[in-house]
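Enquirer: Pasting a structure here, questions to come.
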Amino acid sequence: VRTIGILGGGQLGRMLSVAASRLGLRCHIYEPGAAPAGDVAWRITNAPYEDQDALRVFADSVDVITYEFENVPTSALDLLERVRLIRPDRRALAVSQDRLTEKTFLNDIGLTTAPFADVPTQADLPAAIAAIGRPSILKTRRLGYDGKGQVRVGDGPVEWTGAPSVLEGFVDFSAEISVIIARNADGQVAAFDPGLNLHQGGILRTTTVPCGLPGKVTTDAVLIAARIANALDYTGVMGVELFVTPGGLIVNEIAPRVHNSGHWTQAGCAVDQFEQHIRAVAGLPLGDGKRYADVVMENLIGDDVDRVPELLKSADTQVHLYGKGAPRPGRKMGHVNRITG
Ligand code: ATP
Ligand code: MG
Ligand code: MG
């Protein structure tokens, strides 16, 4: 493998390109929207996913295709798959693109999720609420991220999401953690230490390692992530979000890609999640995931970037900026990894 194709040119694609270049590989990014990653990738195609000619040229120019987000249209994937291997494969995408498919898959392999009900239309909502109860959360089956497409179901009337949804029972968790796990085509698996995640307004604010939870919990979390990766015969890095409850771990969702809650690995590990993903999709041996430092990762959201001049003066802090334009509220502009021990 010499050239890796990446679908999506956001910050994750950008950081994957940097990791690939360190290994002497180059990346061709395909991004339909604005193209912030273009400045670090070997090549960038700025065309819609409906442009079959552009897709074909892209696929022909690379040795393997991966992605930094999971909502690539099926028609584009069908075309690309005929030309090149896509890693992680279509099944991993199908399972994680749709919350109903995802939760059903997780239950089928013996893992616990929040109780849920299918809500194809608004007319199905009363029956779903009767089954799941209140409080609960209505989430669109597809395309949600950073808490978008979600409606809290409390005591009052319920707003409709506008799209086919699932209703999830509200989980009274004591903590949120995530496991970033890598698996290569030989079945070699390496997990990073679970991180403790704090969200604000549905957006990840900080991830802290070590997460401070007992070894039994962190071991269970890693075993759950490994079970998911094996069940999918997965190739690449995957993020698994979990709720910690007195009754055990509940899987919230999986992301078939590098994950925001894994950014701390850039400061904590010899091989970070981005290099690990590149290694996996390029068919190289994986790093072992061992953590060498305590780290707090903080996202720089919107105006947080105003703090960058100050943050750059801190000797124990790694600053990552995504080269995006003007800050907007809720927009992830960068992150910092502070080494705390
Ligand atoms: P991401 O950006 O992580 O992909 P998302 O839009 O897919 O986010 P979720 O991860 O499903 O959304 O939910 C966002 C946050 O809302 C969770 O991290 C958690 O804090 C809270 N949350 C989601 N589902 C539940 C639930 N069933 N019970 C309690 N809290 C929940
Ligand atoms: Mg999500
Ligand atoms: Mg989430």
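Values quoted throughout were computed directly from the atomic coordinates according to the rules given, and no laboratory measurement underlies them. This is a predicted model, so every value here is computed, not measured. Note that each Cβ is placed from the backbone with ideal geometry, even for glycine, and that neighbours are counted across all protein chains shown.
Enquirer: Starting from the 7 Å offset along Cα-to-Cβ, what nm value, one decimal, do you get for the label separation of residue 52 and residue 227?
Expert: Taking the simple label geometry, residue 52 and residue 227 are separated by 4.3 nm.
Enquirer: On average over all directions, what projected area in square nanometres does the chain have, based on the convex hull of its Cα atoms?
Expert: 17.2
Enquirer: Under 5 Å between amide H atoms, partner at least 5 residues away or on a different chain: which partners does residue 119 have, H built in plane at 1.01 Å?
Expert: Amide H neighbours of residue 119: 165, 166, 167.
Enquirer: So what J values fall out for segment 287-299 if you push phi through Karplus, 6.51 cos²θ - 1.76 cosθ + 1.60 with θ = phi - 60°, rounded to Hz, Gly and Pro as x?
Expert: Couplings: x, 8, x, 4, 9, 9, 8, 8, 9, 10, 9, 10, 6 Hz.
Enquirer: Hey, which lysines would be in cross-link range of residue 139, C-alpha to C-alpha under 19 Å, not counting anything within fewer than 8 residues on its own chain?
Expert: Of all the lysines, those that pass the test against residue 139 - Cα under 19 Å, at least 8 places apart if same chain - are 103, 148.
Enquirer: Could you give me the ³J(HN,Hα) list for segment 220-228, computed from phi with Karplus coefficients 6.51, -1.76, 1.60 and θ = phi - 60°, whole Hz, x at Gly and Pro?
Expert: 4, 4, 5, 5, 4, 4, 5, 4, 5
Enquirer: Return the whole-Å distance between the Cα centroid of segment 289-341 and the Cα centroid of segment 101-117.
Expert: 34
Enquirer: What ranking, highest mean first, results for peptides 289-299, 113-123 when packing means the other Cβ atoms within 10 Å averaged over each residue?
Expert: 289-299, 113-123
Enquirer: With a 10 Å Cβ neighbour count serving as the proxy for reagent exposure, in which order, fewest first, do 228, 250, 278 appear?
Expert: 250, 228, 278
Enquirer: Further question on the same structure: Scan around residue 42 for amide H atoms under 5 Å from its own, H built in the peptide plane at 1.01 Å from N, and keep only partners 5 or more places away or cross-chain.
Expert: 27
Enquirer: Let me ask something else. Test of understanding: what is the full-extension gain from residue 326 to residue 130, defined as 0.36 nm times their sequence separation minus their Cα-Cα distance?
Expert: Full extension from residue 326 to residue 130 adds 66.1 nm.
Enquirer: Still on this structure: Rounded if a/c is under 1.5, else prolate if a/b beats b/c, else oblate: with a ≥ b ≥ c from the C-alpha gyration tensor eigenvalues square-rooted, which is segment 175-339?
Expert: prolate
Enquirer: Now for a different question. Starting with the fewest neighbours, write out 132, 6 ranked by other beta-carbon atoms found within 10 Å of each beta-carbon.
Expert: Arranged by neighbour count, lowest to highest, 132, 6 become 132, 6.
Enquirer: Which of 178, 196, 311 sits closest to the plus end of the dipole of segment 175-339, meaning its Cα is farthest towards the positive end, when Lys and Arg get +1 and Asp and Glu get -1 on the C-beta?
Expert: Of the listed residues, the answer is 311.
Enquirer: Could you please rank 277, 259, placing first whichever residue has the fewest other Cβ atoms within 10 Å of its Cβ? Each step should come with its number before you reach the end.
Expert: Values: 277 31, 259 23.
Least crowded to most crowded, the residues run 259, 277.
Enquirer: Tally Lys and Arg at +1 and Asp and Glu at -1 over the other residues with C-beta under 15 Å from the C-beta of residue 148: what net charge comes out?
Expert: Residues near residue 148 contribute +4 overall.
Enquirer: Also: What ³J(HN,Hα) values, in whole Hz, does the Karplus curve 6.51 cos²θ - 1.76 cosθ + 1.60 give for segment 68-85 when θ = phi - 60°, with x put for Gly and Pro?
Expert: Taking θ as phi minus 60°, the curve returns 10, 8, 9, 10, 5, x, 4, 4, 5, 5, 4, 5, 4, 5, 6, 9, 9, 5 Hz for segment 68-85.
Enquirer: Could you compute the net charge surrounding residue 13? Neighbours are other residues with a C-beta less than 14 Å from the C-beta of residue 13; K and R count +1, D and E count -1.
Expert: +2
Enquirer: Find the centroid of the Cα atoms in segment 47-61 and in segment 132-183, then give the distance between the two in whole Å.
Expert: 34
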